[in-house]
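Working notes for the structure below.
Here, each number is a calculation from the coordinates, and none is a lab measurement. From a predicted model like this one, the values you see are computed outputs, not experimental measurements. Positions of Cβ are generated from backbone atoms using ideal geometry, with glycine treated the same way; all protein chains shown enter the neighbour counts.
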């Protein structure tokens, strides 16, 4: 995971950036509630939609310590988003 590119949101709980290929990256740093997670995904999707010639892709990085807590809801939401949008979502568990 390389955090280079255009960063447009950085909080204590998460970071959002878009790399030079137009891929959106969301890194969850601390536990966030589910409505915040949905808002983060929406914000990233809308930012990517500004460049319609690129195929939207969002990678969500979740620390291993939070994966068990968030995994079921997050996976269901990602499945829902993939079925309703033209965006590729990927969940990546990172070691922390």
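With a cut-off of 17 Å on the backbone N, the residues of region 61-96 near the modelled label site 7 Å out from residue 45 along Cα-Cβ are 61, 73-91.
Over the chain, what is the percentage of antiparallel beta bridges among all DSSP beta bridges, to the nearest 5? Roughly 45 percent of the beta bridges in the chain run antiparallel, per DSSP. Label zone of residue 65 (point 7 Å out along Cα→Cβ, amide N under 19 Å): in region 5-45 this covers 11-15, 27-34.
Compared with the dominant principal axis of the Cα atoms in the chain, helix 64-84 is inclined by about 40°. Placing dummy labels 7 Å off each Cα toward the beta-carbon, the span from residue 38 to residue 21 is 3.0 nm.
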